[in-house]
Amino acid sequence: MQTVTLTPKRSPVISIEAEMITPDVFAGKSDAEIGAIPAWEGNEEITLADVFDVAVDGSADAAGTKIIIDGNVPRVKRIGEAMTAGEIVVKGDVDMRCGALMSGGSITVEGNADSWVGREMTGGEILVKGNATYYAGGGYRGETCGMRGGKLTIEGDVLDYLGEHMCGGEILVKGNARLLPGVLNWSGTITIEGDTTLPGGEMKSGTIFVKGKVLEMLPSYKDEGTEEVDGVTYRKYTGDLSRNGEGVLYVSV
Amino acid sequence: MAEMIIKNGVVYDPKNSVDGEKNEICIKDGKIVDNVGAGAKVLDAEGCLVMPGGVDGHTHCAGKINTARIMSPHDMRYSPIPGLSGPEPRTKLLRPQVGYNTPNTHAIGYRYSKLGYTTIAEAAITPMMARHMHEEFESIPILDKLALVLMGSNWQVMQYIQDGDSEMLKSYMAWALLASRGYGVKIVNPGGGSNWTWGKNVTGIDDKVIDFDVTPADILIGLAEANEALNLPHSIHVHCNNLGVPGNLPTTLDTMKLLERVKASQDRQVMHLTHMQFHSYTGTSWMDFASGSDQIADYINKHDHLTFDMGQMIFGPAMTMTADGPTEYRNARMFDAKWSNYDQELEDAGGIVPLAYTPQHFAHATMWSIGLELALLVKDPWKVMFTTDNPNGGAFVNYPEGQVLLMSDKKRQEVIAGFPDMTMDRISLPNIDRELDWGEMTVMTRSMPAKMLGLEEKGHLGAGADADVAIYDVKPDKVDVSVEHEAVKKALGFAKYTIKGGEIVVRDGDITALPKGKVYWVNAYENGIVQTEKDRLITDLEERFKKYYSMQFSNYMVEDAYVPRPVEVRPEVA
């Protein structure tokens with residue numbers, strides 16, 4: 001078991017590209033080695049030691065490595081990008097694209113996450129205890145496939161385009177989702193416990209559960225009557241018919 | 001400029017009947033010469049392969065590609081071929097690079113040069129789009145460039161053909177080349193681009209074009225005859241009707257037979273057929289679709305009035321961009337892919353759809369095979385140009401892959417081994433064991449494209465040619481390409497030296513200098529059209545611009561300022 005604790009030393013104004021903060025990169029490294037890893041702050045090349053106090057306890061492979069970011073890092077992007085194993089705990093907020101492309105392990109964000117949390121993730125688990133903003137579990141700009149596997153849980157609210165272009169995996173939002181969750185979906189399951197607006201726009205296939213209210217419904221969904229799933233009665237819709245979609249949208253009655 | 005002599009190279013220069021000989025190549029003032037003085041700089045090729053600089057006679061590198069860039073931000077991160085794709089930071093010499101199918105303009109120049117290519121032809125530009133294309137040309141370094149101008153669905157062209165007014169047609173073609181500072185005549189899905197204005201297409205060369213009393217056959221013959229009457233250096237350059245449609249073989253054969261009656265004005269083809277792979281399908285639907293390459297090759301082997309290029313498919317992500325609007329609509333619907341659509345006023349249509357080809361898909365595997373079959377079944381390499389229809393069949397940085405496939409049966413069999421069973425009875429490639437030699441490869445990638453385009457200074461190493469030379473780290477007398485295809489592929493991707501206009505621009509696969517290339521264009525108007533005909537044309541065009549165009553006639557023509565290093569070709573007037 002290896003525990004790496006990163007304590008923020010300052011609050012940068014310009015975002016820091018920190019795709020190297022992963023168990024895969026940190027595994028087996030000393031505090032000095034981790035502190036010397038280069039990162040970009042705007043157009044300036046820095047090291048992690050410029051931003052964090054680094055403390056390492058033990059040494060292990062990626063799966064046995066736990067990274068604790070002991071504070072708020074709302075301007076540190078891409079934490080846990082493409083990680084395959086291990087654990088990251090952030091005791092505060094994170095900037096965009098946390099856990100993008102991750103395939104294994106877990107990330108816990110105790111504060112809020114900015115846009116594209118879990119972008120194109122294929123496995124592993126992300127838990128955001130606060131809110132997330134746009135494109136949670138979404139795709140890369142221009143790609144036709146977003147999240148492909150794994151599980152993304154957001155305990156608070158999210159803004160627009162939750163699970164955009166989703167191709168697999170599972171998303172759970174315990175609060176509300178704003179506009180167009182599951183837009184352009186191919187597959188996967190999205191559950192929204194709160195309210196949302198225009199779910200499933202141009203959904204091809206895949207499943208969306210809305211346990212709160214749908215504030216506005218797309219006209220291009222077909223009403224299929226009621227259905228009970230796990231003891232809850234939903235009104236079932238299929239669509240989006242504008243794209244010959246076969247997605248299923250369950251709305252709590 | 002200093003003199004240079006390349007020694008100890010194994011030279012392939014098919015136009016001058018040099019087939020792997022240890023000749024010296026002398027360069028002076030950017031040209032190949034017979035001999036140089038004793039003080040000339042000596043470049044030791046160390047027994048390596050020496051060819052003329054590559055000529056890509058059909059690529060999409062400026063114009064529509066800009067829309068493709070906007071549509072595909074994800075392309076910026078693709079890097080399947082390190083050193084020739086993906087993001088690369090700025091260096092002291094080079095601009096930053098991104099992209100794979102749609103690289104930024106500077107990367108296009110760098111990467112073609114690394115492949116040993118020195119001349120490229122943008123294959124489809126409307127006169128309306130030409131000014132922007134020249135601006136893009138200006139920021140593609142190193143390479144010499146030229147553009148083919150779309151005329152196959154142009155209202156003026158169709159009107160003059162309908163009227164039987166061959167003089168006006170000639171005048172307009174010459175004027176359109178002048179207005180776009182273009183080099184040759186491109187015809188894409190003749191008539192279909194015009195019908196696309198109404199959401200329709202044509203299904204063969206004898207369909208009527210909506211609102212004009214002409215057929216695709218009329219357009220092809222009209223433009224071909226006028227092209228020859230103008231004595232243009234390039235023939236018409238044709239993308240047939242029904243691209244990518246199962247059962248399009250008869251349309252392609254009809255088009256080839258149709259042109260038998262046109263007489264070439266000079267020693268070249270009367271028609272170049274482009275990306276033939278997409279036009280060689282038998283069957284009636286995707287279920288029974290199969291390769292028709294044997295019938296196409298049989299026809300071409302027996303006739304000498306045409307040339308073609310392969311349009312070879314490369315597996316992986318591609319970007320289809322064509323003036324064939326209805327085809328792109330079909331692609332977008334078939335693959336549920338995103339789609340950009342053009343309707344360029346009176347001039348043509350167009351569309352862009354990103355796709356990906358995979359060897360596991362029987363149809364893609366079949367298409368991949370057809371491109372290679374065509375090149376291997378046609379006996380005379382002077383009828384075949386190597387292309388991938390960049391980036392429609394695949395990005396140009398895959399040229400070494402495609403070239404090695406033509407040179408190694410072993411490599412082909414390795415790929416075919418992974419194909420689905422559904423492909424195997426649709427293709428003949430497994431039974432073709434021909435392997436091209438270096439001389440044939442030089443023809444298909446340099447000499448033939450230069451001859452086909454009428455570029456006399458390109459594609460060879462005889463005295464008077466531009467000193468565009470590619471030297472690859474391959475020892476032709478020691479390497480067995482059939483077996484060592486991976487090493488050869490790598491060598492072809494990163495030239496040991498690329499020399500452009502007598503200057504070393506690539507050394508050991510790295511760019512060393514950034515000269516600006518020339519732009520070839522054809523002026524058949526000034527001397528080629530008599531004043532009374534010019535007056536008649538301009539009067540008609542002014543009226544048409546008032547009626548139909550969104551642009552002022554006076555703003556239309558590309559000014560000289562957009563072509564700072566022109567090579568103006570004036571065809572001899574008959």
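State all residues of region A:24-50 that are under 14 Å from A:Val4 (Cβ atoms) and aliphatic (A, V, I, L, M); if no residue qualifies, say none.
A:Val25, A:Ala27, A:Ala32, A:Ile34, A:Ala36, A:Ile37, A:Leu48, A:Ala49
For (1) acidic (Asp, Glu); (2) at pLDDT 95 or above; (3) assigned to a helix (DSSP H, G or I); (4) touching a Ser or Thr at 6+ places or on another chain (Cβ under 8 Å), each residue gets a yes or a no:
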{"site": "B:Val506", "(1), (2), (3), (4)": "no, yes, no, yes"}
{"site": "B:Ala513", "(1), (2), (3), (4)": "no, yes, no, no"}
{"site": "B:Lys516", "(1), (2), (3), (4)": "no, yes, no, no"}
{"site": "B:Lys534", "(1), (2), (3), (4)": "no, yes, yes, yes"}
{"site": "B:Asp540", "(1), (2), (3), (4)": "yes, yes, yes, no"}
{"site": "B:Arg544", "(1), (2), (3), (4)": "no, yes, yes, no"}
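Report yes if B:Gly184 is at positive phi and out of contact with any Gly (no Cβ under 7 Å at 6 or more places or on another chain), otherwise no.
Criteria not met by B:Gly184.
Take the residues of region B:176-200 that are crowded, with 21+ Cβ neighbours inside 10 Å and aromatic (Phe, Trp, Tyr): which is modelled with the lowest pLDDT?
Restricting to residues being crowded, with 21+ Cβ neighbours inside 10 Å and aromatic (Phe, Trp, Tyr), the top hit is B:Trp196.
In this structure, does A:Ile46 turn out to be crowded, with 20+ Cβ neighbours inside 10 Å, modelled with pLDDT of 95 or more and of a type in the set (A, V, I, L, M, F, W, C)?
It is false that A:Ile46 is crowded, with 20+ Cβ neighbours inside 10 Å, modelled with pLDDT of 95 or more and of a type in the set (A, V, I, L, M, F, W, C).
Does B:Val55 satisfy being outside any loop (DSSP other than H, G, I, E, B) and within 20 Å of B:Thr387 (Cα to Cα)?
yes
Run A:Thr144 past the list (1) among the β-branched types (Val, Ile, Thr); (2) within 14 Å of chain B (Cβ to nearest Cβ); (3) under 11 Å from the mean Cα position of the chain (by Cα) and report the number of the one that doesn't hold.
Of everything listed in (1) among the β-branched types (Val, Ile, Thr); (2) within 14 Å of chain B (Cβ to nearest Cβ); (3) under 11 Å from the mean Cα position of the chain (by Cα), A:Thr144 misses just condition (3).
Can you find even one residue in region A:95-108 that is within 14 Å of chain B (Cβ to nearest Cβ), in a strand (DSSP E or B) and either surrounded by fewer than 18 Cβ atoms within 10 Å (Cβ to Cβ) or without any contact (Cβ under 8 Å) to a residue 24 or more places away in the chain (or both)?
no
Restricting the first residue to region B:408-434 and requiring it to be at pLDDT 95 or above, which pairs with a second residue that is among the acidic types (Asp, Glu) and part of a loop (DSSP other than H, G, I, E, B) meet a Cβ separation below 8 Å and a spacing of at least six or different chains?
Short answer, once both residue conditions are applied: B:Ser408/B:Glu435; B:Asp409/B:Asp433; B:Asp409/B:Glu435.
Of all residues in region A:217-247 being within 14 Å of another protein chain (Cβ to nearest Cβ) and not small (Gly, Ala, Ser), which is surrounded by the most Cβ atoms within 10 Å (Cβ to Cβ)?
Looking at the filtered set, the residue picked out is A:Asp240.
When you go through A:Val214, A:Val253 one by one, which is the residue that is farther than 22 Å from A:Gly156 by Cβ, of a type in the set (A, V, I, L, M, F, W, C) and away from chain B (no Cβ under 14 Å)?
Within the list A:Val214, A:Val253, the selection yields A:Val253.
Suppose we filter region B:306-360 for residues that are aromatic (Phe, Trp, Tyr) and within 14 Å of chain A (Cβ to nearest Cβ); how many remain?
Count: 2.
If only one of B:Val573, B:Val479 is exposed (fewer than 13 other Cβ atoms within 10 Å of the Cβ) and assigned to a loop (DSSP other than H, G, I, E, B), which one is it?
Every option except B:Val573 fails the conditions.
Specify the residue that is surrounded by the most Cβ atoms within 10 Å (Cβ to Cβ); the eligible residues are those in region B:353-371 that are small (Gly, Ala, Ser) and in a helix (DSSP H, G or I).
Out of the qualifying residues, it is B:Gly371.
Would you check which residues across region B:201-220 are crowded, with 19+ Cβ neighbours inside 10 Å and either among the hydrophobic types (A, V, I, L, M, F, W, C) or not in a loop (DSSP other than H, G, I, E, B) (or both) and list them?
Result: B:Val202, B:Ile205, B:Val209, B:Phe212, B:Val214, B:Pro216, B:Ala217, B:Asp218, B:Ile219, B:Leu220.
Go through region B:79-104 and give me each residue that's within 14 Å of chain A (Cβ to nearest Cβ) and in contact with an Asp or Glu (Cβ under 6 Å, 6 or more places away or on another chain).
Once the filter is applied, which keeps residues that are within 14 Å of chain A (Cβ to nearest Cβ) and in contact with an Asp or Glu (Cβ under 6 Å, 6 or more places away or on another chain), region B:79-104 yields B:Gly99, B:Tyr100, B:Asn101, B:Thr102.
Out of the residues in region B:267-293 that are aromatic (Phe, Trp, Tyr) and under 17 Å from B:Glu373 (Cα atoms), which is nearest to the chain's Cα centre (by Cα)?
This residue is B:Phe278.
Residues of region A:147-195 being at negative phi, within 14 Å of another protein chain (Cβ to nearest Cβ) and among the hydrophobic types (A, V, I, L, M, F, W, C), which ones?
A:Cys167, A:Val183, A:Trp186
Test B:Asp380 against the stated conditions and say whether it is farther than 28 Å from B:Pro127 by Cα, modelled with pLDDT under 95 and either surrounded by fewer than 18 Cβ atoms within 10 Å (Cβ to Cβ) or within 24 Å of the chain's Cα centre (by Cα) (or both).
Taking the combined requirement at face value, the residue does not satisfy it.
Among (1) buried (at least 16 other Cβ atoms within 10 Å of the Cβ); (2) modelled with pLDDT of 95 or more; (3) farther than 19 Å from B:His58 by Cβ, which single condition is B:Lys302 missing?
(1)
I need a count of the residues in region B:371-408 that are among the hydrophobic types (A, V, I, L, M, F, W, C) and in contact with a Leu (Cβ under 8 Å, 6 or more places away or on another chain).
Selection size over region B:371-408: 11.
Considering only region A:9-24, state which residues are touching a helix residue (DSSP H, G or I) at 6+ places or on another chain (Cβ under 8 Å) and either surrounded by fewer than 18 Cβ atoms within 10 Å (Cβ to Cβ) or assigned to a helix (DSSP H, G or I) (or both).
A:Lys9, A:Arg10, A:Met20, A:Pro23, A:Asp24, listed by residue number.
Table: residues versus (1) touching a strand residue (DSSP E or B) at 6+ places or on another chain (Cβ under 6 Å); (2) at pLDDT below 95; (3) β-branched (Val, Ile, Thr).
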| site | (1), (2), (3) |
| --- | --- |
| A:Thr122 | no, no, yes |
| A:Ile126 | yes, no, yes |
| A:Asn131 | no, no, no |
| A:Ala136 | yes, no, no |
| A:Glu143 | no, yes, no |
| A:Gly156 | no, no, no |
| A:Tyr161 | no, no, no |
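Please find, within region B:310-332, the residue that is surrounded by the fewest Cβ atoms within 10 Å (Cβ to Cβ) out of those that are out of contact with any Phe, Trp or Tyr (no Cβ under 8 Å at 6 or more places or on another chain) and assigned to a helix (DSSP H, G or I).
Among residues in region B:310-332 that are out of contact with any Phe, Trp or Tyr (no Cβ under 8 Å at 6 or more places or on another chain) and assigned to a helix (DSSP H, G or I), the one surrounded by the fewest Cβ atoms within 10 Å (Cβ to Cβ) is B:Arg330.
Go through region B:58-78 and count every residue that is within 11 Å of another protein chain (Cβ to nearest Cβ) and farther than 18 Å from A:Thr144 by Cα.
Total meeting the criteria: 0.
Does region B:485-494 contain at least one residue that is in a loop (DSSP other than H, G, I, E, B) and more than 22 Å from B:Phe137 (Cβ to Cβ)?
Yes, that holds for at least one residue.
The values are calculated or read from the model by the stated rules, or taken from the named source; none is laboratory data. Just so you know, these numbers come straight off a predicted model, no measurement behind them. For neighbour counting, all protein chains shown are included, and Cβ atoms are generated from backbone atoms with ideal geometry for every residue, glycine included.
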